Amino acid sequence: MDSRELIKKALEAKEKAYVPYSHFHVGAALLTEDDTIYTGCNIEIASYSPTLCAERTAIFKAISEGHTKIKTIAVVGDSTPTYPCGVCRQVIREFGKDAKILIANSEDDYKEYTIDELLPHSFGPEDLDNAKK
């Protein structure tokens, strides 16, 4: 699957966002190691704390189906561009250390990043392994 197709899926997911309070729509689409696609949108709750970002919605859907390796994730939102929040960056880091991260305004207007660019000096499972030594 090429980047444009994945971004198109993220744009479609964005339309399903449940955002009655902020009115800020975000969509995400990810490609797993075996080329399965999962999408997600942001879902707001009145008390905000249980709100879930589009990226984590897509990632958690993939994980719940047994896919724990992200190859690529595309993110689109109402601002240009919309980057993942810090929590989503950490979740992407956990399941997509080597993933391509596409931050898109449209299928033709996007930039590609790595998690190291978006979350330098990150904390991951290997840090826990090092702590045991």
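Taken together, the values in this text are just the output of simple stated rules run on the coordinates, not laboratory data. The model shown is predicted, which means the values in this text are computed figures rather than measured ones. All Cβ positions, even for glycine, are placed from backbone atoms using ideal geometry, and neighbour counts span all protein chains on display.
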Checklist entry - Where nothing but the Cβ of Lys and Arg (+1) and of Asp and Glu (-1) is charged, how large is the charge dipole of the stretch 16-133 around its Cα centre, in debye to the nearest 20? => result 360 debye
Item to check | DSSP-assigned coil residues among GluC sites (Glu not before Pro) in the stretch 95-132, each with at most 13 further Cβ atoms within 10 Å | outcome: none
Item to check | Proximal lysine pairs, the chain, alpha carbons under 12 Å, eight or more residues apart or interchain | outcome: 5
Checklist outcome for this item: So, with points 7 Å from each Cα along the Cβ direction, the residue 109-residue 60 label distance in nm works out to 3.1 nm
Checklist outcome for this item: Note on the chain: C-alpha Rg/Rh, Kirkwood Rh, two decimals, gives 0.98
Item to check | MRE, 222 nm, helices only [DSSP H, n ≥ 4, -39500 (n - 2.57), over the chain, to nearest 500] | outcome: -9500 deg cm²/dmol
Item to check | Antiparallel DSSP beta bridges within the chain, percent to nearest 5 | outcome: 75 percent
Checklist outcome for this item: Ordered by number, the chymotrypsin sites (Phe, Trp or Tyr not before Pro) in the stretch 1-80 that occupy a DSSP loop and have at most 14 other Cβ atoms within 10 Å are 21, 24, 48
Checklist entry - Put +1 on the Cβ of every Lys and Arg and -1 on every Asp and Glu Cβ in the stretch 1-130; which of 88, 21, 54 then has its Cα farthest towards the positive end of the dipole? => result 21
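Taking R0 as 30 Å, what FRET efficiency do you get between residue 78 and residue 116 from their Cβ-Cβ distance, rounded to the nearest 0.05?
On the way: r = 27 Å, r/R0 = 0.89.
Working from the Cβ atoms, E equals 0.65.
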Checklist entry - So if we plug the beta-carbon distance of residue 123 and residue 48 into 1/(1 + (r/R0)^6) with R0 = 22 Å, what FRET efficiency do we get, rounded to 0.05? => result 0.30
Checklist outcome for this item: Measuring from the longest principal axis of the C-alpha atoms of the chain, the long axis of helix 3-14 (C-alpha) lies at a number of degrees, nearest 10, equal to 60 degrees
